Amino acid sequence: MENKQQSNGVMKENKEVKKKVNWSGSLIVASLTGAFGSSFLYGYNLSVVNAPAVYIKKFYNETWQRRYGFSVDESTLTLLWSVTVSIFAIGGLVGAIIVTPIVKFFGRKCTLLLNNVFAVTAALLMSLSLLAGSFEMLILGRIIMGVDAGISLSALPMYLSEISPKEIRGSLGQVTAIFICIGVFTGQVLGLPEIFGQESRWPYLFGAIAVPSLIQVVILPFLPESPRYLLLEKHNTSEAEKAFQRFLGKDDVSHEIEEVLAESRVQRNTKLVSILQLLRTHAVRWQVVTVVVTMGCYQLCGLNAIWYYTNNIFSEAGISHETIPYVTLSTGAVETLAAVFSGLVIERLGRRPLLIGGFGLMIVFFSVLTVSLTLQDTVHWLPYLSIFCILAIIASFCIGPGGIPFVLTGEFFQQSQRPAAFMIAGTVNWLSNFAVGLLFPFIQAGLQTYCFLVFAAICFAGATYLFFVLPETKNKTFHEISQAFAKRNKVTLEMQEMNHYAGERKSSAEQESDFTSSVDNGETKKGIV
């Protein structure tokens, strides 16, 4: 009874705190700076190779001819270009695998800062490749840039989820997706012929990668580390309190400290959990499966196929070849606006409606696009319907599936499990990315316009799974989210309550005192209680 009264009291306090949540200056600057030097670069590197593709292939051919005395054959040139594009995903996979020990040892913020070494190195290699006459430098730069992306797409969502109050955790988490979209759009704009989309200027497209990295290196050191990391993993209560005060914009952060300490009492210790340990933990089994499904669908839902068809569809609609690069900007603009809209409404509508609804809309528009492309030679206005479907699919993706998987990965797991969870999510993400790049040409060649039905089926499978399994997580603590999954994980709520309230015989003040004294004495206790 006492435990239930305490639980009810905490819930009432949470509601009171919810009304007072503000976006502090430090929180805004940390999220924008972190994303600009991280997820922005991921999006930028997805689109930056498209505009100068013709000039880069010419550079490959000229380099080959200068070395060997004859032009490269078409199949070898295609292979070199395919490796240049797809090796970015291999680097991303490497980054996702090595991120766990890095964020554990250096922390979330320092990992983002150190990651800029990869970005600047890659920028120098790729931008100087033409001057050096070495296409190997460009390929090496792409794989190093992939490592940067693999690390940042795990470290950034982790950092954002740990510095934000739960009431705005979803909105802040969507910053990752918003800056991916802005990065894609920026790559399209800078690739225009009037800017860097010329034969003599394409190296500048890659040199520009260093700018966001250097801005992040200048600003981010003046912002705090993740307070949850400082408190639970470094056991530095005073620094954690200062970090909470700056991020929340208030002096009294006792409620937030107690909330994190309560999580520590649930998990009993903060020793880093390995991937195998996480996979063997019954209490998070369905959370892991859900992360794998959402991340798999994030890459396999067909957005890459949309980019492949865009130019052909615009051409069929009567748009001239010279005008297509400018019209393509509309796709980047729609992508960015949809991601911003999602960030604005996610705390009102929740994760479930946006994620399931996004996949549902993609199913509808993929189906209409298939019909439109199949019959476009018979009806003169159908190419315009195809253009609308393309923009609608991009918007539907960015409203939900484009960003929420990163948010959920940060919300499902406790502090000690989070790095391993992000490693699993990142590995699935990059393997799926590589699989799409490898298999899509064969799917497209075999099914032609009907290939979009494959992606509609993937979206349907993802939406169906999420409809039956995914609980709503907005404004919920880790303990509340764990309770929502408890029945599926076959973990009794009573067991969770026992873990959650173990040691409640001491008052909150006494527990904080014990915790602080143990840190001051340089001792590490097995439990805070």
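Here are a few things to note about the model shown:
- Checking 51, 30, 35 one by one, the residue that is touching a Gly at 6+ places or on another chain (Cβ under 6 Å) and of a type in the set (Gly, Ala, Ser) is 51 and no other.
- Some residue of the stretch 38-51 being buried (at least 16 other Cβ atoms within 10 Å of the Cβ), at pLDDT below 90 and over 26 Å from residue 193 (Cβ atoms): no
- Some residue of the stretch 457-479 being exposed (fewer than 14 other Cβ atoms within 10 Å of the Cβ), at pLDDT below 50 and either farther than 21 Å from residue 411 by Cα or basic (Lys, Arg) (or both): no
- Residue check for residue 117: of a type in the set (Val, Ile, Thr), at pLDDT 95 or above and open to solvent by 40 Å² or more (accessible area, probe 1.4 Å): yes
- Listed here are the helices (runs of 4 or more DSSP H) enclosed by the stretch 402-494 that have at least 3 residues being within 19 Å of the chain's Cα centre (by Cα) and within 19 Å of residue 282 (Cα to Cα): 404-412, 418-447.
- Taken as a whole, the condition of being under 18 Å from residue 466 (Cβ atoms), assigned by the TED database to the domain that holds residue 450 and modelled with pLDDT under 90 does not apply to residue 375.
- In the stretch 401-448, residue farthest from residue 303 (Cα to Cα) [restricted to those that are surrounded by fewer than 18 Cβ atoms within 10 Å (Cβ to Cβ) and of a type outside the set (A, V, I, L, M, F, W, C)]: 446
- Scanning the stretch 180-209 for residues that are open to solvent by less than 20 Å² (accessible area, probe 1.4 Å), small (Gly, Ala, Ser) and under 21 Å from residue 144 (Cα atoms) yields 183, 187.
- Residue ranges of helices (runs of 4 or more DSSP H) in the stretch 19-119 with at least 1 members among the β-branched types (Val, Ile, Thr): 25-36, 53-68, 74-106
Quick grid of which residues meet (1) under 21 Å from residue 178 (Cβ atoms); (2) of a type outside the set (Gly, Ala, Ser):
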residue	(1), (2)
293	no, yes
296	no, no
309	no, yes
318	no, no
336	yes, yes
339	yes, no
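The values are calculated or read from the model by the stated rules, or taken from the named source; none is laboratory data. Computed from a predicted structure; not experimentally measured. So basically every Cβ, Gly included, is an ideal-geometry build from the backbone, and we count neighbours across all protein chains shown. Calculation scope for accessible area: heavy atoms of the full protein, side chains included, ligands and nucleic acids excluded. Shrake-Rupley method; radii C 1.70, N 1.55, O 1.52, S 1.80 Å.
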